[in-house]
Amino acid sequence: MGLFRLCGARRGFRAVFLLLYFLLPGPFSAAAASGPGYSGPKFTARTPAGYDVVVAGGGMGGIAAAIQAARLGASVLVVEPSGWIGGQATAAGVSTMDDMSRQTSGLYLEFLSKLKDYYDAKGKPMGTCYWDPRSVAFEPSVGQKVLCEMIEETRGRRAGRRTLDVLLFTEVTRVIREGKTVTGVAVRGERGGAAGREVEFACRVLIDATEYGDVLPLAGAAYRAGNSATPFINQEAMIQDITWVAILRRYPTGIPPHLRVTQPLPGYAEARRNYEGHVTAAGASFKGVYPVELPVDFVSHNAYRGLPDSSTPYAYDGRRENWKHITKTGLNWGNDYPGKETWNGRFGLPARYLEDRALRARVEKDAFIKTLHFIYYMQNELGEDWSVANDEYYSEELPAAASGLPEEWREIAHRMPPVPYVRESRRIVGNYTLTSAELLQNSLSYRDGQTNQEFSDAAAIGGYILDLHGAGADGDMETDLGEKAALMAINRPRGPFQVPLRILIPQNVDGLLAAEKNLSMTRLAAGALRLQPICMMVGQAAGALAALSAQEGVQPRAYPPVRLQRVLLEAGVILSLCKYSDVPPEHRFYNAVQLSNLYKLIEPLEPPHAPSYNISDLDDPSLVMAIIKGADKGVFGVDQMLTRGEMITMVNRARAVSQTSAGRDIPEEWGDAWSSDAVASRGLFADVVARTFGFVAPSRGRRAFGIPDRRSFDSAVAALKALGILDLYRQERGFFPARPITRGEAVEILMKAMTRAQGPWSR
């Protein structure tokens, strides 16, 4: 039986209870108990000998990290406290994708493509939310089903070898260190005979992908909570609201009796006043103008987080004429907690919510009940035939937040998401902290006449506004990092932005990476990086780095980013913000040109001349006109011949990027001897690369860097061919060293040289 087995479900893909127990002697294992209409997945962990990578948290970042690490051959264990994988996008019910980057890639693109295949087969669009048919939404159960399929496919790629294990209802309780290096974890399950018992697993790299950053204090990592940092965490520093989402469904023949409520819960009177400010029977129809005129009518409310509905034969998208036909939606509007009601007179929640498990439980119970108040309001005040969806989330056990509910509310509680939507977690303190000003500057790369401001260590691309739900006052910001409330509008990104790899790496602990909302960034920057697509793409980068680090015996902080970036590029991840008309995505040098952009190896013939724009407006006229005119793309000059002067500059830069200790730079004065404007040949370029990177022993005198002498080319070409660096010429009849080399060929050769060079990290 497979470690991660999927079976069909007539009533939808639901979470199952994972029963944790010991088989002595034998492996630490877990089995799943089936709910009605569902018979999988089943999970088992290998013996406590250990894994290359342990991922704490099975959210969007954690699952992406695990899949990418396993696809690179690492053995991976995912430890997830809830009974679901997918985190905020599935378990928390925020399955309307918040992505303003206008480009998808890597595992996130694979995820969306599989979702599209599912809905295409049913004849249903995914563009059902945010009042716009260009949006992306899916049912949480379908999202989890697709993630499970991706895990199973990943495991199946390495026949006979288990590489990816998942434990549900299990949490990391201790982190084991030797000095400042993480060497393992202890985990504890909450179900079955092993409940309350710890088991230790060794690991080479631990990834914190929890929703709260819960592993950071266990690992002894320096971190921030709100605007304070260890060791002086201010428990009353404010962080963003949480939301306990609900998935709602229309019942046109009448709400089933067990999903209808007649008695309000304590506190309803205050909740009613809140909801009357958001949605009423006589509210306004959304007119496509921001800020939204409140209150809106119920139809507009449903169109905001509208979802496809697999339970009906009907289809709709987000166009205005279809809003009244929407039959499934997410409740994630007006139910932020504490929201307008505040916490002791302040907007947001105290950082103590992250630090104190007892307070966390109380807050989440209150957030849960606040959402239940809307269900009563919807049924009894608005008179709508809607309730919680009966094909999502069903669990035999109630969430802890539902304890003490009256009997008539329990069937609804059984169908609520198992976890809340947590917008802000602890954040590691790294050697570098990303600020809102740097996000803005990065997003302006190639825009409004700006130059290349790309992060050379870019690991992902995202796009969102600086969005804080509560805790947005000056006193809530990190003034020591230059942040203040007014910058929320001033520093709003003006296009897609990159996520630098360095913000995944903690300052004071080795063998540990962050991969969710817990990166080294300010609160304002986190407001743009906390969304589902960005978390998934950052998780993919973290998983790749963890696998490469474990396999090559190099700490993540010492691993050359360019080597990781080539792996990500080959996995289909887009890393550069710059687009060229002569290097489309299908071009054979597309990846190498992206690396050239990141490290400024060679200037393009013509950079893009795109305008900055309102990233939240898909119809921004300045962007639309730029795209029509082609100004959003530059010209790289991929087929133009390379000069010897350009060769000197780009090879020296490439060697520095590779961090190799072999070879040596080309002396700049050789440029005059070579006639810098003369065209470089393939043979000369191969000779220079081989000697600069130390792939062949350096010669003496003027031949040290290939001053034209064809006899010196042979050993260089042979060395580069042996390393696969000249594979781009494999389809030709020969290498033809006298032929001119193009800029595209040059960056392709350098990409391979930079990632094959040996350095102090090499074993």
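A few comments on the model shown:
- Rounded to whole numbers, the Karplus 3J(HN,Hα) couplings from phi for the range 279-289 are 8, 9, 4, 9, x, 7, 7, 4, 9, x, 10 Hz, using 6.51 cos²θ - 1.76 cosθ + 1.60 with θ = phi - 60°, and x at Gly and Pro.
- Length-normalised contact order of the chain in % [C-alpha pairs under 8 Å, at least 6 apart]: 14 percent
- Protection-proxy order for peptides 336-342, 404-410, 543-549, each taking the mean of Cβ atoms within 10 Å per residue, highest first: 543-549, 336-342, 404-410
- Sequence ranges 352-365, 614-627, 502-515, ranked by mean other-Cβ count within 10 angstrom, highest first: 502-515, 352-365, 614-627
- For the pair Arg134 and Glu407, a Förster radius of 51 Å applied to the C-beta separation gives a FRET efficiency near 0.70, rounded to the nearest 0.05.
- Dipole of the range 582-763, positive direction: furthest Cα of Asn652, Ala722, Leu618, with charges on the beta-carbon: Ala722
- Backbone geometry of the range 603-611 corresponds, through the Karplus equation with coefficients 6.51, -1.76 and 1.60 at θ = phi - 60°, to 3J(HN,Hα) couplings of 6, x, 4, 8, x, x, 10, 6, x Hz, x marking Gly and Pro.
- Sites Thr181 and Ala282 - FRET efficiency at Förster radius 60 Å, r taken between beta-carbons, to 0.05: 0.45
- Simple spin-label estimate for Asn431 and Asn234 in nanometres, 7 Å along Cα-Cβ: 2.9 nm
- DSSP beta bridges fully contained in the chain are about 70 percent antiparallel.
- Summing Cβ point charges (Lys, Arg +1; Asp, Glu -1) relative to the Cα centre of the range 582-763 gives a dipole of roughly 1160 debye.
- With eigenvalues of the C-alpha gyration tensor scaled by 5 and rooted, the range 99-199, Å: 36, 17, 16
- Fraction of C-alpha pairs exceeding 19 angstrom in the range 582-763: 60 percent, rounded to a whole number.
- Under the shape rule built on the C-alpha gyration tensor, where the axes satisfy a ≥ b ≥ c, the range 242-422 is oblate, since a/c reaches at least 1.5 while a/b does not exceed b/c.
- Placing a pseudo-label 7 Å from each Cα along the Cα-to-Cβ vector at Glu200 and Asn452 gives an inter-label distance of 4.9 nm.
- The range 602-697: GluC sites (Glu not before Pro) in DSSP coil with no more than 16 other Cβ atoms inside 10 Å: Glu668, Glu669
- Separation of the alpha carbons by more than 26 angstrom is noted, of Lys122/Lys324; Lys180/Lys484; Lys124/Lys633; Lys180/Lys752, for Lys180/Lys484; Lys124/Lys633; Lys180/Lys752.
- Local electrostatic count, Trp131, Cβ distance below 15 Å [Lys/Arg +1, Asp/Glu -1]: -2
- The separation of the range 576-623 from the range 276-346, counted between C-alpha centres, amounts to 36 Å.
- Two-site label geometry, Val292 and Lys340: point separation in nm, points 7 Å out along Cα→Cβ: 1.3 nm
- Multiplying the residue separation of Asp120 and Phe736 by 0.36 nm and subtracting their alpha-carbon distance yields 216.8 nm.
- Helix-only mean residue ellipticity at 222 nm for the chain, each DSSP H run of n ≥ 4 adding -39500 (n - 2.57), per residue, nearest 500: -8500 deg cm²/dmol
- In the range 185-237, the chymotrypsin sites (Phe, Trp or Tyr not before Pro) that fall in loop regions by DSSP, at most 10 other Cβ within 10 Å: Phe232
- Each Lys or Arg adds one and each Asp or Glu takes one away; over the other residues whose Cβ falls under 15 Å from the Cβ of Pro338, this sums to 0.
- Taking every alpha-carbon pair under 8 Å whose residues sit at least 6 apart, the range 242-422 reaches a relative contact order of 35 percent.
Since every read-out is calculated from the coordinates, none of them should be taken as a lab result. From a predicted model like this one, the values you see are computed outputs, not experimental measurements. Glycine gets a Cβ as well: all are built from the backbone with ideal geometry, and neighbour counts include every protein chain shown.
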